[in-house]
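Read through the structure below, which is laid out as C-alpha cells, and then see the notes.
Any read-out appearing in this document is the output of simple, stated calculations on the displayed coordinates, not a laboratory observation. Since the model is a prediction, treat every value here as computed from it, not as a measurement. Ideal geometry is used to build each Cβ from the backbone, glycine not excepted, and the neighbour counts take in all protein chains shown.
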Amino acid sequence: MKKYRTTHWMQAVLWGAMVLVTCVLHAQSPVERASRLAQSGSWWEAYDVLAPVIQSEPQRSDARAWFMLGFIEKELHKSSGESGAEAPHRVQSVASFEQALSMPALPTKDRETAREALDFLSRTYFREAIDRVEGFTPGSTAEILGLMSQYERIQTTLNPQFDKSDQRADLHRYLGQAHAQLLETERHAGTAMERELFEGAVEHYGKSLAFDPDNYASQYNLAIVLYNHGVRQLKRIDHNTSMFELMEIQDQCVALFESALQPMQQAYTQRPERLETLKGLMTIHYALSQKEESDMYRSKIEDVLQKR
Amino acid sequence: MRINAQVKTNVRFRTLALRTAVCVLLGCGVPTESSLAQSESLDETDTRAIMKANFLFHFAASNEWPASSKSGDFNVAVIGNERLFEELVDKYAFKMVGAQPLKIHAFHDVESFKGAPSMHLIYCDPGGDALSALAKSLEGKPALLVADSEGALERGAFINFVAVGNRIRYQINADQAREKGVLIGNKIMSWAVTSTP
C-alpha cells in the first residue's frame with residue numbers, strides 16, 4: 001500500500017514537471033524559439049516558427065525578428081542551391097535585413113552584422129551574373145542584367161555613394177564579348193540569330209563605352225566586332241554571287257568598316273604603341289582601299305617591332 | 001608573320017578578365033589589367049582579295065571570248081598576289097566558264113610568267129614598267145589583262161581596279177579588248193566607273 005502511494009506521488013511530480021516545461025516553452029517568444037533552433041542549425045524549423053508570424057505584432061515591429069529571419073532565409077538560400085535574381089530565400093533574406101536596418105531599434109552590433117550579411121548576399125548576385133556571362137547563351141542577357149541590378153541596388157542601399165559605372169562598363173564589355181564569341185563560332189551563320197548576336201555585341205560595347213568612354217578594351221573590341229562582321233559577309237561571296245549582289249555586299253561591308261574605324265582610332269589614341277590597334281588600323285584602311293593610310297600604319301608596326 | 005604572332009589574341013583572356021574582375025570585387029587582391037582586357041581577334045582574311053576574286057570570276061564568265069579560246073580549260077593567271085590566288089583556288093577553281101573548267105595559275109612576278117602557257121585572263125599586281133612589259137608580251141594574244149595600279153590602262157591593261165568611295169571598282173578600256181576579239185559584256189560594262197565605249 002505504501003509502495004503504491006510512493007509511485008503515485010512520483011507520477012504526479014513528473015506530470016507537474018512536464019506541465020511546467022511546456023508552460024516555459026510557450027512563454028518564449030517566436031523570435032527566441034527561432035533563435036534557439038537556428039543556433040542548433042535547425043533552419044527549416046526556425047523558419048517554420050518565425051516566418052508565419054513575422055507580419056503579426058509584436059514581431060512585425062521587432063527589428064530583432066526581421067534580423068533573425070534574414071539570417072534564417074540566408075542560410076536556407078545557401079543550402080538550397082537556388083539561383084537567379086528571383087531566388088525566393090535570397091530575395092526574402094535581403095528584404096528582411098533591409099527591414100531590420102530600417103528600424104532604429106536594431107542594436108549597433110546587429111546592424112553591423114546585417115550590413116555584412118547584405119554585402120555578402122549582394123556579391124552572390126554579382127558572382128552569379130559573372131558565371132552566367134561565362135556560360136553565356138542567347139536569351140540570358142535579361143537574367144544577367146537582373147542579377148547585376150540586384151547587386152547594385154543592395155550596394156546602393158549600403159552605400160548611397162556607390163558608383164556602379166566601372167562594374168557596369170565591365171559587365172557590358174563582357175556581354176559584348178560573349179555575343180561576339182558566339183558570332184565567331186559561325187553556328188548561327190546567315191540566320192536571324194546571327195544578326196541578333198551582332199547587334200547585341202555592338203549594343204553592349206556601346207553601353208560599356210557610355211559608362212566608361214575611355215575604356216580601351218571596349219573601343220578595340222567594338223571596332224573588331226564591326227570589322228569582322230563585314231568580313232563575315234564578304235566570305236560568303238562565291239561563284240553564285242551576282243555582280244549586283246557583290247556591289248550590295250560591298251556597300252554593306254564598307255559601311256561596317258567605316259564604322260569600325262572610329263573606335264579603332266580612339267583605341268589607338270589611348271595606346272598608340274599597341275600592335276593590335278596598329279594592325280587593326282592598317283587592316284581597316286586596307287579593306288577601305290586606303291592604301292596610303294594602311295601603309296602608314298604598317299610602317300608604324302615595323303617601327304614598334306624594331307624597338308623591341 | 002611576325003606581326004601576326006605578336007598581336008595574336010587568346011580567347012581565354014576573357015575568362016581571365018572575368019575571374020580577375022570577380023577577384024577584385026570579392027577582395028582577393030589580384031592586381032587587375034581588366035581595363036585592357038580584350039578577346040576579340042581581328043579577322044585577317046584579305047578582304048580585297050575576296051572582292052577581286054569575285055570580280056575576276058565575273059570578268060571570266062560575263063565576257064564574250066573568241067571562238068579559238070572556247071576549248072580546253074579556262075586559264076587564269078595571277079601574278080604577284082598569293083592571297084588572291086588562294087582565294088580563287090578556294091572558291092572558283094574548276095567552276096565552269098561556259099563549257100570550260102576554270103584553272104588558276106600563280107606566278108611570283110612578271111619575269112616568272114615568261115614562257116607560261118596561253119592564258120585567258122591575267123591579273124597582274126605589279127604596276128609600272130613590269131606591267132608595260134607584260135602588256136607588250138601579250139600583244140596579239142586574246143588575253144584579257146587586268147591590273148590594280150595607277151595608270152594601268154595607259155600601260156596596256158584592259159581592266160584596272162580603282163578605289164572609289166572606299167570601294168573597289170574598275171575602269172575598262174573596252175576598245176583595246178575588242179581589238180583582241182574579247183567582247184566585254186554589258187553587265188561588266190555597266191558597273192565600270194569609266195570606260196572607253
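Give me A:44, A:66 ranked fewest to most by other Cβ atoms within 10 Å of their Cβ, as a rough exposure proxy.
Fewest to most other Cβ atoms nearby, the residues stand as A:44, A:66.
Using unit Cβ charges (K, R positive; D, E negative) and no other charged atoms, how large, in debye to the nearest 20, is the dipole of segment A:263-307 about its Cα centre?
With only Lys, Arg, Asp and Glu charged at Cβ, the dipole is about 120 debye.
Of A:265, A:239, A:117, which is farthest towards the positive pole of the protein assembly as shown's charge dipole, taken about the Cα centre with +1 and -1 on the beta-carbons of Lys, Arg and Asp, Glu respectively?
Ranked along the dipole, the leading option is A:117.
Given the peptides B:128-135, A:288-295, arrange them by the average over their residues of other C-beta atoms within 10 Å, most packed first.
Highest-to-lowest ranking by the protection proxy: B:128-135, A:288-295.
Using Cα pairs under 8 angstrom and six or more residues apart, how large is the relative contact order of segment A:206-308, in percent?
Value for segment A:206-308: 25 percent.
From largest to smallest, what semi-axes in whole angstrom does segment A:19-162 give when each is the square root of 5 times an eigenvalue of its alpha carbon gyration tensor?
32, 17, 11
Could you state the principal axis extents of the C-alpha atoms in chain A, from the largest down, to the nearest angstrom?
So the extents along the principal axes, rounded to whole Å, are 120, 44, 37.
Taking Cα atoms, how many degrees apart are the long axis of helix A:2-27 and the longest axis of chain A, rounded to 10 and kept between 0 and 90?
Once rounded, the angle reads 40 degrees.
How much net charge surrounds residue A:264 when only the other residues with a Cβ under 13 Å from the Cβ of residue A:264 are counted, with Lys and Arg +1 and Asp and Glu -1?
Neighbourhood net charge equals -1.
Treating only the Cβ of Lys, Arg, Asp and Glu as charged (+1, +1, -1, -1), what charge dipole size does the protein assembly as shown show about its Cα centre? Round to the nearest 20 debye.
1440
Helix A:192-211 versus the longest principal axis of chain A: what is the Cα-based angle in degrees, 0 to 90, to the nearest 10?
Once rounded, one gets 80 degrees.
Any chance you could give the angle, 0 to 90 degrees and rounded to 10, that helix A:63-80 forms with the longest Cα principal axis of chain A?
The angle comes out at about 60 degrees.
Between beta-carbons, use under 10 Å as the cut-off and find the net charge around residue A:125, counting Lys and Arg +1, Asp and Glu -1.
Residues close to residue A:125 contribute a combined charge of +2.
Take the residue pairs B:114/B:187; A:78/A:207; B:52/B:187 and return only those whose Cα atoms are more than 21 Å apart.
B:114/B:187; A:78/A:207
Lys and Arg at +1, Asp and Glu at -1: add these up for the other residues within a Cβ distance under 11 Å of residue B:59 and post the number.
The answer is +2.
Would you mind pulling out the separation of the Cα centroids of segment A:249-297 and segment A:110-142, in Å?
38
Using a 10 Å cut-off on Cβ to Cβ distances, tally the other chain neighbours for every residue of A:163-169 and report the average as a whole number.
Mean shielding by partner chains, rounded to a whole number: 1.
Just subtract the alpha-carbon distance of residue B:178 and residue B:118 from 0.36 nm times their residue separation and send over the number in nm, one decimal.
Using 0.36 nm per residue and subtracting the Cα-Cα distance, I get 19.8 nm.
May I ask you to derive the relative contact order of chain A, considering only C-alpha pairs under 8 Å and at least 6 residues apart, and to give it as an integer percent?
Here the relative contact order equals 9 percent.
Using +1 on the beta carbon of Lys and Arg, -1 on that of Asp and Glu, and nothing else charged, what's the dipole of segment A:206-308 about the Cα centre, debye to 20?
Here the size comes out at about 380 debye.
May I ask which of B:95/B:180; B:136/B:180; B:141/B:180; A:109/A:164 have a Cα-Cα span longer than 18 Å here?
Beyond 18 Å between Cα atoms: B:95/B:180; A:109/A:164.
Output ³J(HN,Hα) for segment B:153-161: one whole-Hz value per residue in order, computed from phi by the Karplus curve 6.51 cos²θ - 1.76 cosθ + 1.60 with θ = phi - 60°, and x for Gly and Pro.
Values per residue, Gly and Pro as x: 5, 5, 8, x, 6, 8, 10, 10, 6 Hz.
If you average the sequence gap of Cα pairs under 8 Å that are 6 or more apart and divide by the length of segment A:19-162, what percent do you get for the contact order?
Relative contact order, segment A:19-162: 17 percent.
Sequence-distant or interchain residues sharing an amide H contact under 5 Å with residue B:170, placed H: which?
The answer is B:162, B:193.
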